[in-house]
C-alpha cells in the first residue's frame, strides 16, 4: 500500500518559487499499475522522485507499508531505494562500460548478494524480459533502445522491489517497441504483484493502466480508473 | 563484479584519455621523485663531505708549522687550557725533533734541519731511507750554517715526533703493520716508519740510538707516503726532555665533538690562548663552502619535490573532478539503484589509484633516466652561483663577476662537491608509492565525495 498525504515540494527558479508538487494526496494499492499523466512541467517527474526517495518533500508524508519514508535518514533511504524500489528511466541510464548482465547485477551487488547468486538471477531476469544470452554479454552501446529498456526493467526488478517507478519508459522508443515494453511492465505487475507507477504523457498507454492520476500545475486534478 | 574491479575498469573507459592522464601524472610524479632522489643523493654527498672534514683542528704556535717558521712554542699549560674549551673532546700534543745521522754529523757539514735550534737536533745511528736528491741537497745547502754545499755522503735528517697519541700530528692514525702502538707507560719505546725500518734493518724488538739513548722498536707503521714512513715516534715527555724542549709543544691536535662546533671551538681557542699567539687551522672552510652549496641544492630539491608532488595532486584532483562531473548522471543512477556514498567514493578512489599507480610506474622510469642529470644540473648550477663573488665598489647591477673556479676557495669547494650520484633505492620507491597513493586518495576522494552528496533527483529532473 502506497499512501501519499499533503505532499509539497517547491523550487527556487529565477527569483520566484515554483510549486512543483502542491498538496498532493492519493492511495495506490499493492499490485496496482498506475499512470501519472500531465503536461510537461506539471510536476509528475518531481512527484515520482519524491515517491522513489530521490528527493525530500518540503512537507507531507509518503507511507509505504506503514513506513513514512519522508522521515528516514539518508542511510535508510539508500536502503529503501536498494530493496524496495526499482527505477526505469526514459534514457535507460545503463552504465556504459558494463555488459547488460553486469548492469542487472549491480543493484544486487549493492545489496550484498553473493556473486554466483546474482549472476544466476540476472540471467533469469534478462531472459524473462526477452534478452537472449548472446545479448546479455553486450555493452549497452551494442543494444537497441528497446533492448536497453528491457535491461533497465530487469535491473529494476533485480532486488525484488515492492514498487517500480518508471519515468517515461517508452518515451524514447518507437510505438511498437514502446507497446512491447509497456506490455512487459503490465505483465510484471500482474504476475509478480509489484506496484508500478508510470509517468507518461501518452494517454493511449495510460488508458491501459489500472489507475490514472492526472496532474496539472503541481496539483492532482483527477483520479480515474 | 566488485567495486574494485568496476573502478579499475572505469580507468580504461577511454584509452586515449587514460594514456594522456597517465603521461601527465607520470611527468609530475617522475619530476617529484627525481627531486627526492636528488635530495637524497645530495644528502649522501653532504654526509660524505662531513665525514671527510672530520672534527679536527690543528693548533700551532703563531708563525710556525712543523719545524719551520718562528714564534713561541706552545706549552703544557696551553694544552691544559685547550682541554677546558667547551666542545673539545680530545687534545693531543706533539713535539717535533730532528735526528742527524752520526756519520753525517762527523763531517764538517753542519746542517740545522730547517730553523730548529741545534740543541733540539739529536744524533742517531739511523740513516734516512730517503735519497736526498736535488731537492734534499738544495734544501740542505740553503739551511747549512755557512751556506756550503752538502757533501757526497750527506744523509737527510730523520724527522721525529714525540706524542702520546695513536695518530701523527696530522691526525692520521698510525697504521701499525707490525708490533704495537705506543702506550702510556712507554719511555724508551719507539715506533718507526716502514721505509726507515727497512733501510736500517730494524724489526720489532730491535734497538737504535737517539740522543745517546737506546730506544726499542715496539711497532712499525705504514702511513702510505715515503716522507711519513721515514719518521719515528717516541713518547711525548721523553721527546721533550731529550730534545731540550721541556714544557714545549710543537702542535696540538684538537678533536671537536661535532663538525658544527668547529668554528666556535677555533675562535674559543684563539681567545683563550691569546689572539696572535696561535694559528688554528682545519680543512673545514673549503668543505663548509661545498656543504653550503649542497645545502642550497638540498633545499631546492626539497621544494621541487613538494611542488611537483602538489602539482601532481592538483592534476589528479582536477582530472578526477572532470571525470566525476562527467559521470554526474551515472552517480545519480547508482544512488537511485541503491549505491551508497561510500561505494561511489570507493569506486572513484580505485579508478584514481589505478591511474596514479600506472603513472608512478612510468614516473619511476622517468626518474631512473633523469634523476642523475637533474641532481648534477642542480649541483653544477649551485656551485657556479657560489663562485660569483661580489666586487667591491661596483654598481648594484654589476656586482658579480665570474672567476676561475679552480683558483678560488669556492673553486676548491666546487671540486669537493664533485659528481653527485643519484640512485633510486627501495626507500625512494616506497616514498614514491606512498606519495602516489596519497595523491590518488586525496585527489579522487574529495571530488567523488562532493558529487556523491548530490541528490539523485537531479538525474530525474534531467530526464
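The values are calculated or read from the model by the stated rules, or taken from the named source; none is laboratory data. Note that the coordinates shown come from a computational prediction; the quantities given were computed from them, not determined experimentally. For neighbour counting, all protein chains shown are included, and Cβ atoms are generated from backbone atoms with ideal geometry for every residue, glycine included.
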Report, by residue number, each residue of the stretch B:327-341 that is more than 10 Å from chain A (Cβ to nearest Cβ) and either at pLDDT 85 or above or buried (at least 24 other Cβ atoms within 10 Å of the Cβ) (or both). B:331
Being surrounded by 16 or more Cβ atoms within 10 Å (Cβ to Cβ), under 19 Å from residue A:166 (Cβ atoms) and without any contact (Cβ under 8 Å) to a residue 60 or more places away in the chain is the requirement here; does residue A:4 meet it? yes
What is the number of the single condition among (1) surrounded by fewer than 18 Cβ atoms within 10 Å (Cβ to Cβ); (2) at pLDDT 80 or above that residue B:68 does not meet? (2)
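Mind counting the residues in the stretch A:1-20 that are at pLDDT below 90, in a strand (DSSP E or B) and under 22 Å from residue A:86 (Cα atoms)?
Taking the stretch A:1-20 first, the residues at pLDDT below 90 are A:1-2, A:11-20.
Next, only the ones that are in a strand (DSSP E or B) stay: A:2, A:11-13, A:16-20.
Add one more test, that the residue is under 22 Å from residue A:86 (Cα atoms), and what stays is A:2.
Of the residues in that region, 1 qualify.
Being free of Cβ contacts under 8 Å to residues at least 12 places away in the same chain and part of a loop (DSSP other than H, G, I, E, B) is the filter here, so list the residues in the stretch A:195-225 that pass it. First the steps, then the outcome.
Initial filter on the stretch A:195-225 (free of Cβ contacts under 8 Å to residues at least 12 places away in the same chain): A:204, A:207, A:221-222.
A:207, the sole residue that qualifies.
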Right, residue B:318: at pLDDT 85 or above, more than 14 Å from chain A (Cβ to nearest Cβ) and surrounded by fewer than 22 Cβ atoms within 10 Å (Cβ to Cβ) or not? yes
Look at residue A:208 and say whether it is within 14 Å of another protein chain (Cβ to nearest Cβ), surrounded by fewer than 18 Cβ atoms within 10 Å (Cβ to Cβ) and more than 27 Å from residue A:60 (Cβ to Cβ). no
Exception for residue A:213 within (1) surrounded by fewer than 22 Cβ atoms within 10 Å (Cβ to Cβ); (2) closer than 20 Å to residue A:43 by Cβ; (3) in contact with a helix residue (DSSP H, G or I) (Cβ under 9 Å, 6 or more places away or on another chain) falls at (1)
Counting only residues that are closer than 14 Å to residue A:110 by Cβ and within 36 Å of the chain's Cα centre (by Cα), how many does the stretch B:333-369 have? 0
Within the stretch A:21-135, which helices (runs of 4 or more DSSP H) (wholly inside it) include 3 or more residues that are closer than 25 Å to residue A:173 by Cα and within 14 Å of chain B (Cβ to nearest Cβ)? A:44-51, A:100-110
Would a scan of the stretch B:197-218 turn up a residue that is over 21 Å from residue B:172 (Cβ atoms), part of a helix (DSSP H, G or I) and in contact with a helix residue (DSSP H, G or I) (Cβ under 9 Å, 6 or more places away or on another chain)? yes
Residues of the stretch B:223-250 classified as over 15 Å from residue B:159 (Cα atoms) and within 27 Å of the chain's Cα centre (by Cα), total: 1
Candidate set from the stretch A:155-164 (those that are crowded, with 24+ Cβ neighbours inside 10 Å and at the interface with chain B (Cβ under 9 Å from one of its Cβ atoms)); member that is farthest from residue A:109 (Cα to Cα): A:156
Name the one entry in B:22, B:4, B:42 that is modelled with pLDDT of 85 or more, in a helix (DSSP H, G or I) and more than 14 Å from chain A (Cβ to nearest Cβ). B:22
Across the stretch B:232-248, which residue is surrounded by the most Cβ atoms within 10 Å (Cβ to Cβ) among those that are over 22 Å from residue B:196 (Cβ atoms), in contact (Cβ under 8 Å) with a residue 12 or more places away in the chain and touching a helix residue (DSSP H, G or I) at 6+ places or on another chain (Cβ under 6 Å)? B:244
I'd like the full set of residues that are in contact with a helix residue (DSSP H, G or I) (Cβ under 7 Å, 6 or more places away or on another chain) and not in a helix (DSSP H, G or I), limited to the stretch A:164-194. A:164, A:165, A:166, A:167, A:169, A:170, A:172, A:173, A:194
Checking residue A:50 against (1) under 18 Å from residue A:202 (Cα atoms); (2) in contact with a strand residue (DSSP E or B) (Cβ under 7 Å, 6 or more places away or on another chain), which test does it fail? (1)
Evaluation of residue A:87 against (1) under 27 Å from residue A:122 (Cβ atoms); (2) modelled with pLDDT under 85 (one fails), failing number: (2)
